[in-house]
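These notes are about the structure you will find just below.
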Amino acid sequence: MATVLAPEGGQVDRVASRPRPRLKAGGRERPNWAGATAAWLWLLIVLVPIYWIVITSFKTRANYFATNPLAPPSSPTLDNYRFVIEQDFARYFMNSVIVTLGAVIPAVVVSFMAAYAIVRSTGGRFLRWTNSMFLLGLAIPLQAVIIPIYLVIIRLQLYDTLLAIILPSIAFAIPLSVLVLGNFIRDVPRELFESMRMDGASEATMLWRLAFPLTRPALVTVAIYQGLTVWNNFLLPLILIQSPQQRPLPLALWAFQGQYGINVPAIAASVVLTALPIVILYAVGRRQLLSGLTAGFGK
């Protein structure tokens, strides 16, 4: 507590003093050695597996078993990448692209319109019930409903098709997308909507010409997050896909597992090729993704 005298004198007020950071003798803040050490340790934990995968992809099978796993290859080779590409990698890659785009685009569009309807509603019971169902969907993991999904796909005669992966992926992407987009649309000033309504704009016009541009960072963030989730999904293809021609990339790693052994360098090469689109996507949309994340935390 700090004592402050009034200008006229006579009365004394006490105000709470804010805590100040501890300063060194030169007026500078003390370095956070514990936080810096923990950050470097976490960076090391993250980089070691990535380093191991990359160097293993350039080793031969004999070199991999004969040398230290963390040692760089003595004679780097591209045979593993050539072997992976020859094993119908292009087909698996296109399957993953089709599944990802087919799930993310409808999920983001439907989630955006649903979030707009929920936020802009005048208190209808149906929309409140729909919002509660979306929130309930966040509490249901995929592993808990994989058997009902399998039975529904069998009844719809969609088993062993890419659509069998796309439809459940859309359903599981919508709840979180609605929650995130709804928070962004809710922060758009209502005066903007009212001014457009006075100019004769319809709800569809306000949706695509006002809400869409202002929530573009959130749309990019949701699309990238859901795209990564669908791209790396392994459980749905494992249960709903049987033929090798319909396998996406995560399930295609089985092609490098033999009856008596596993081609570890080939698997490492396939992991590198699988991660390249994700790295490129992050490099292209990094600015939009970071702006969406920081805006979401700020709100």
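Here are the numbers:
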{"quantity": "Size of charge dipole - segment 72-157 - debye, nearest 20, with Cβ of Lys, Arg +1 and Asp, Glu -1, no other charges", "calculated": "580 debye"}
{"quantity": "In range of the label at Leu151: residues from segment 217-240 whose backbone nitrogen is under 19 Å from the point 7 Å along Cα→Cβ", "calculated": "236, 239-240"}
{"quantity": "Simple label model, 7 Å out from Cα along Cβ direction - Ala34 to Arg197, nm", "calculated": "5.2 nm"}
{"quantity": "Most positive-pole-ward Cα, Leu181, Gln143, Ala223, against dipole of segment 97-248 from beta carbon charges", "calculated": "Gln143"}
{"quantity": "Probe 1.4 Å, all protein chains present, accessible-area order of Arg155, Arg82, largest first", "calculated": "Arg155, Arg82"}
{"quantity": "Accessible heavy-atom area order of Trp40, Trp254, Trp129, highest first, probe of 1.4 Å", "calculated": "Trp40, Trp129, Trp254"}
{"quantity": "Cα centroid separation - segment 46-100 against segment 126-154, whole Å", "calculated": "37 Å"}
{"quantity": "Inter-site label distance for Leu158 and Leu101 at 7 Å from Cα along Cβ, in nm", "calculated": "1.9 nm"}
{"quantity": "Computed E for Met113/Leu276 - FRET, C-beta separation, R0 30 angstrom, nearest 0.05", "calculated": "0.35"}
{"quantity": "For segment 126-139, Karplus couplings with θ = phi - 60° (6.51, -1.76, 1.60), whole Hz, Gly/Pro x", "calculated": "5, 5, 5, 5, 5, 4, 5, 5, 5, 5, 5, x, 5, 8"}
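The values are calculated or read from the model by the stated rules, or taken from the named source; none is laboratory data. Here the structure is a predicted model, which means the values were calculated and not measured. All Cβ positions, glycine included, derive from the backbone under ideal geometry; neighbour counts span all protein chains shown. With ligands, DNA and RNA removed, areas are computed over all heavy atoms of the protein, side chains included. Shrake-Rupley method; radii C 1.70, N 1.55, O 1.52, S 1.80 Å.
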